[in-house]
Structures are given as structure tokens and as C-alpha cells.
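Written below as C-alpha cells is the structure these notes are about.
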Amino acid sequence: MVAIYSETVRSWKMFLIMLPAFISMAIGIGASYIEGENLTPLLIIFLPVMAIVLDLMQLRIEVDEERLKIRSALGLLARKTIRLDEIKLVRISEGWMSCSGMIHYTYPGKACVLVERIKGWSVSFTTNQPEELAEILRTLGVPVVRENPLKPNS
């Protein structure tokens with residue numbers, strides 16, 4: 001299906017936080033190579049850590065006519081699909097730390113979206129386009145509540 005709404009929320013802070021670890025690991029790998037040591041243990045640790053950090057650097061939100069999809073960059077750690085008919089209520093709150101569901105995907109952003117499901121755990125995620133997302137979901141028949149609505153730019 002074709003996505004009606006699509007947004008990517010990125011966090012370069014994760015990369016900046018992990019940069020010292022990457023540099024340290026790269027120096028360790030280089031020193032081990034120069035000394036002729038076995039690189040296998042370092043590579044076994046370095047490659048998964050790098051994949052995890054790259055995976056968590058962005059979150060993609062898509063809405064089509066039947067479902068809401070949340071995916072991380074590589075889709076390794078963050079991957080959730082919710083059918084629209086399973087949604088009881090969507091709450092959109094100002095501020096990216098203003099809500100939390102049982103499953104929570106948070107990145108610095110404009111607003112937090114909490115999806116309350118009929119069955120199963122609630123899911124929350126960050127968005128930078130809360131007005132557009134709310135309008136699309138309302139158009140598709142999903143009940144949307146705006147808590148502490150965003151103030152217009154002055």
C-alpha cells in the first residue's frame with residue numbers, strides 16, 4: 001500500500017554520545033592489528049554496536065489506509081505495525097517527553113503521540129508534524145485527542 005503520511009525523525013545525539021566509544025574501539029582495533037593480535041573479539045563487539053547505534057539514529061513513521069508503521073533506520077530494534085481498526089484513541093501532547101506507552105520510541109521532537117490500543121500494549125513515539133499526523137488519522141476514522149495543544153508561532 002502507498003503511504004498517505006510519512007515522516008522521519010532523526011537523532012544525531014545518539015551518534016555523538018557513542019562517538020568516543022567508536023573512536024576508542026577503532027584505536028583498539030588499529031593497535032591490535034599493528035601488534036599482530038587477533039582482531040576477532042574486537043570486531044565481534046564493534047560491528048553489532050555500530051549496527052545498533054545506526055539503527056537507532058532515526059525513526060520512520062508511516063500511515064496508509066489500513067495501518068500505522070513505526071520503523072527504525074534498519075528495522076532491527078524498532079519495528080511496530082498497528083492496524084488502524086485496533087486503535088482505541090490517539091493522544092497527541094506537546095513536547096517529546098510528555099507521554100510514554102508500554103512500548104516507547106522517543107527522539108527529540110515537537111510532540112509525543114500515544115496510541116491506545118483496544119487489545120495489547122499502548123505505543124508512543126515522537127513526531128515533528130503533530131498537526132498533519134492528527135489530521136490524517138482523523139480522516140481515516142481514528143479518534144484523536146490533542147492534549148496541551150501546540151501554541152501557534154508568534
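The values are calculated or read from the model by the stated rules, or taken from the named source; none is laboratory data. These numbers come from a predicted model, not from an experiment. Quick reminder, even Gly has a Cβ in these numbers, built from the backbone with ideal geometry, and neighbours come from all protein chains shown.
Of note:
- Residues that are modelled with pLDDT of 85 or more, within 24 Å of Arg117 (Cβ to Cβ), surrounded by 12 or more Cβ atoms within 10 Å (Cβ to Cβ) and in contact with a helix residue (DSSP H, G or I) (Cβ under 7 Å, 6 or more places away or on another chain) are absent from the stretch 21-30.
- Filter result for the condition that a residue is at pLDDT 95 or above and under 15 Å from the mean Cα position of the chain (by Cα), over Lys69, Lys80, Lys88, Lys110: Lys69
- Which numbered condition Pro108 fails, given (1) surrounded by fewer than 17 Cβ atoms within 10 Å (Cβ to Cβ); (2) free of Cβ contacts under 8 Å to residues at least 60 places away in the same chain: (2)
- For the stretch 94-142, the tally of residues that are in contact with a Pro (Cβ under 7 Å, 6 or more places away or on another chain) and part of a loop (DSSP other than H, G, I, E, B) stands at 2.
- Pro130 loosely packed, with under 14 Cβ neighbours inside 10 Å, more than 11 Å from the chain's Cα centre (by Cα) and at pLDDT 90 or above: no
- Here Leu76 fulfils each of the conditions (1) among the aliphatic types (A, V, I, L, M); (2) assigned to a helix (DSSP H, G or I); (3) within 25 Å of Tyr105 (Cβ to Cβ) apart from (2).
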